[in-house]
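A quick write-up on the structure given underneath.
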Amino acid sequence: MSRKLPPLTTLPAFEAAARHLNFTKAAEELFVTHGAISRAIKNLEQQLGITLFERGTRSVRLTAVGEPYARAVREALDQLAVATTVATTRRSDTTLTVSTSGGFAGKWLVPRLYRFHRAHSEIDVRVSTTGTLTTFSGDGIDVAIRYGGGDYPGLTSEFLAGEDVSPVCSPRLMEGEHPLRSPEDLKYHTLIRDDYPIDWAAWLDSAGVMGIGSNGGLAFDSYTFAIEAAVQGEGVALGRTTLIEGDLVAGRLIRPFEHALKARSSFYLVYPPEAIRQRKVKAFRDWIFSEIGKSPLAVSGPN
């Protein structure tokens with residue numbers, strides 16, 4: 001198929017100049033002269049037959065045509081950079097690196113990984129919970145489990161599970177002087193908080209409960225620690241169905257109330273489109289969907 005392409009050697013200069021709106025800064029970034037940037041852009045404009053920049057005395061700005069063209073060129077160069085990294089980076093066929101949150105790793109993934117190893121003993125799994133959003137470009141990450149809306153441009157994003165949020169506690173809190181019979185009974189117990197977007201204020205409001213402070217109690221920056229505190233009977237935490245299934249099944253936690261608040265975000269399996277051709281990525285993808293399918297608690301369907 002014949003393609004109408006611009007002079008490709010001019011595109012890095014154009015993209016850098018469009019991003020900085022400054023030819024000098026573009027030249028510094030690309031380690032060339034100001035004149036080289038100017039000539040490259042002039043050549044590009046002549047070949048396309050359009051004006052990309054409006055040039056002032058001490059500044060430049062993109063034209064109405066140049067602005068969308070700059071976005072398209074930037075996206076194309078980004079995709080080319082990712083593809084080049086994937087093609088030239090030597091990745092072990094036997095080591096799979098998975099990026100995810102500490103909560104998902106600790107409460108869902110790690111307790112099940114032995115089944116993946118049993119089925120694929122030749123693949124070593126490394127779990128990264130740095131909190132850094134991977135770009136899959138030179139960072140060694142093969143596949144990620146992200147929590148969000150599922151819109152990740154340039155990447156394959158597959159829905160794994162949604163979740164409901166409701167209070168959970170040790171069965172011991174159902175006994176004693178103030179057992180948890182209704183949401184209003186929470187006023188007698190310690191509320192355990194973490195950094196999840198749905199907090200106690202949101203849940204109490206959705207349940208129509210008034211007069212209970214939502215800022216006190218125990219606070220953790222780790223969801224795993226917050227749930228462990230609830231298991232030990234230190235108070236009541238907000239349980240996320242996808243992450244507390246093991247504790248509920250084992251009887252370490254219970255959900256004292258029926259009311260649940262549906263989360264707006266969901267879990268997605270994310271990876272570069274070409275990565276699925278790797279045997280280790282395909283094996284992990286198939287395994288995690290099989291595991292999700294076994295869960296009676298994961299909320300189906302994205303929001």
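Can you say whether Pro153 is more than 27 Å from Arg264 (Cβ to Cβ), of a type outside the set (Gly, Ala, Ser) and either crowded, with 16+ Cβ neighbours inside 10 Å or out of contact with any Lys or Arg (no Cβ under 7 Å at 6 or more places or on another chain) (or both), as far as the supplied structure shows?
No.
Please work out which residue is surrounded by the most Cβ atoms within 10 Å (Cβ to Cβ), limiting yourself to the stretch 229-265 and to residues that are in a helix (DSSP H, G or I) and out of contact with any helix residue (DSSP H, G or I) (no Cβ under 9 Å at 6 or more places or on another chain).
Ala229
From the set of residues in the stretch 205-223 that are hydroxyl-bearing (Ser, Thr, Tyr) and not in a loop (DSSP other than H, G, I, E, B), which is surrounded by the fewest Cβ atoms within 10 Å (Cβ to Cβ)?
The extreme case among them is Ser206.
Tell me which residues, restricted to the stretch 266-285, are under 16 Å from Arg146 (Cα atoms) and part of a loop (DSSP other than H, G, I, E, B).
Pro272
If only one of Val168, Val127 is touching a strand residue (DSSP E or B) at 6+ places or on another chain (Cβ under 6 Å) and either at pLDDT 95 or above or in a helix (DSSP H, G or I) (or both), which one is it?
Val168
Has the stretch 120-136 got any residue that is within 30 Å of Ala76 (Cβ to Cβ) and in contact (Cβ under 8 Å) with a residue 40 or more places away in the chain?
Scanning the stretch 120-136 turns up at least one residue that is within 30 Å of Ala76 (Cβ to Cβ) and in contact (Cβ under 8 Å) with a residue 40 or more places away in the chain.
When the stretch 193-247 is examined, which residues are found to be of a type in the set (Lys, Arg) and within 17 Å of Asp164 (Cβ to Cβ)?
Once the filter is applied, which keeps residues that are of a type in the set (Lys, Arg) and within 17 Å of Asp164 (Cβ to Cβ), the stretch 193-247 yields only Arg240.
Check the stretch 131-148 and report whether any residue there is out of contact with any Asp or Glu (no Cβ under 8 Å at 6 or more places or on another chain), over 26 Å from Lys262 (Cβ atoms) and in a strand (DSSP E or B).
Among the residues of the stretch 131-148, at least one is out of contact with any Asp or Glu (no Cβ under 8 Å at 6 or more places or on another chain), over 26 Å from Lys262 (Cβ atoms) and in a strand (DSSP E or B), which makes the answer yes.
I'd like to check something: does the stretch 261-272 contain any residue that is outside the structural domain of Asp142 (by TED's automatic domain parsing), without any contact (Cβ under 8 Å) to a residue 12 or more places away in the chain and either over 19 Å from Gly106 (Cβ atoms) or of a type in the set (A, V, I, L, M, F, W, C) (or both)?
Taking every residue of the stretch 261-272 in turn, none turns out to be outside the structural domain of Asp142 (by TED's automatic domain parsing), without any contact (Cβ under 8 Å) to a residue 12 or more places away in the chain and either over 19 Å from Gly106 (Cβ atoms) or of a type in the set (A, V, I, L, M, F, W, C) (or both).
Touching a His at 6+ places or on another chain (Cβ under 9 Å), surrounded by fewer than 18 Cβ atoms within 10 Å (Cβ to Cβ) and modelled with pLDDT of 90 or more: is that true of Ala202 in this structure?
Answer is no for this residue.
Answer yes or no: is there a residue in the stretch 124-131 that is polar (S, T, N, Q), over 18 Å from Asp194 (Cβ atoms) and touching a helix residue (DSSP H, G or I) at 6+ places or on another chain (Cβ under 7 Å).
No: zero hits.
The values are calculated or read from the model by the stated rules, or taken from the named source; none is laboratory data. This is a predicted model, so every value here is computed, not measured. Ideal geometry is used to build each Cβ from the backbone, glycine not excepted, and the neighbour counts take in all protein chains shown.
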